[in-house]
Amino acid sequence: MLLVVVLAGRKAALPAGKVNSVIELAEVTPVPRAADHILGLSALRSRPLTVVDCTAALGLGQYEAGWQGSRAVVVEHEGHLYALLVDGADDIVAALDEPGPLGADPGPGWRNGALGRVETEAGALLLLDIPALIAGPGAVVAA
C-alpha cells in the first residue's frame, strides 16, 4: 500500500507501511545552524519531530506556503521521528507491481529523491526515498 502525496505540485508516493500518521503542523521551533531543508522541531505526543521541508530536500526551492497548518507525513527513521512537509496527503492506493526504473527523466531533484516508478490504481507515481528526503539535497544515501 502507498500513501499518495502532493509535493511541489506533483503527485508521488510513500510506502504506507513506513507512515506513522499524517498531521497538521501547529508549531515549529527553528534550530540554529540546521541544514536549509530542516525547518526545525515540533512535537507529537510528547516526542520530538524533526520537520523536513521536502521541496527543499529535493532541491526544488523552499515550501511556498507558510508551514503552519500544513500537512506533514510522520515517519520513523533510525529511531527518530520526522515530519515530512508535503502539499497534500489524501489517498491510500495499492501498488499494482513492484517499483521499476524511473524511465523518462523526472527532472532534477526528483531523480535523487525517488526509488523508482510504481504503477498504482491512481496511475504511475514516483516512489519517494524517505532517507534521501531526510538527508537533503546533494546527500549520498547508502542503499
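Worth a mention:
- Assuming charge only on the beta carbon of Lys and Arg (+1) and of Asp and Glu (-1), the dipole of the chain about its Cα centre is about 300 debye to the nearest 20.
- Selection from Val73, Leu127, Pro32 lying farthest towards where the dipole of the chain points positive, charges on Cβ: Pro32
- Relative contact order (%) - the chain, alpha-carbon pairs under 8 angstrom, separation at least six: 26 percent
- Per residue solvent-accessible surface (Å²) - the chain, probe of 1.4 Å: 53 Å²
- The chain - share of DSSP beta bridges that are antiparallel (%, nearest 5): 85 percent
- Computed over the range 1-59: relative contact order in percent, which uses C-alpha pairs under 8 Å that are six or more apart: 22 percent
- Exposed loop sites were defined as trypsin sites (Lys or Arg not before Pro) in DSSP loop states (anything but H, G, I, E or B) carrying at most 11 other C-beta atoms within 10 Å; in the chain the longest segment without such a site runs 46-143.
- Placing +1 on the Cβ of every Lys and Arg and -1 on the Cβ of every Asp and Glu, with nothing else charged, gives the range 75-143 a dipole about its Cα centre of roughly 300 debye.
- When the charge dipole of the chain is built from unit charges on Cβ atoms (+1 for Lys and Arg, -1 for Asp and Glu) and taken about the Cα centre, the candidate among Val118, Pro99, Ser42 whose Cα reaches farthest toward its positive end is Ser42.
- Potential lengthening between Ala35 and Glu98 on full extension [0.36 nm per residue; Cα-Cα distance subtracted]: 19.4 nm
- Estimated FRET transfer efficiency when R0 is 25 angstrom, pair Leu44-Glu121 (beta carbons, to 0.05): 0.30
- Cα gyration tensor category, rounded, prolate or oblate, for the chain with a/c compared to 1.5: prolate
- Helix-only CD estimate at 222 nm, as mean residue ellipticity for the chain, using -39500 (n - 2.57) per DSSP H run (n ≥ 4): -1500 deg cm²/dmol
- Long-range Cα-Cα pairs in the range 73-143 (distance over 13 Å), rounded percent: 70 percent
- Sulfur and carbon atoms: percent of accessible area, the range 34-119 [1.4 Å]: 48 percent
The values are calculated or read from the model by the stated rules, or taken from the named source; none is laboratory data. In this text, all values refer to a predicted model and were calculated from it rather than measured experimentally. Cβ coordinates were reconstructed from backbone atoms using ideal geometry, including for glycine residues, and neighbour counts include every protein chain displayed. Surface areas here come from the heavy atoms of the whole protein model, side chains and all, with no ligands, DNA or RNA. Shrake-Rupley method; radii C 1.70, N 1.55, O 1.52, S 1.80 Å.
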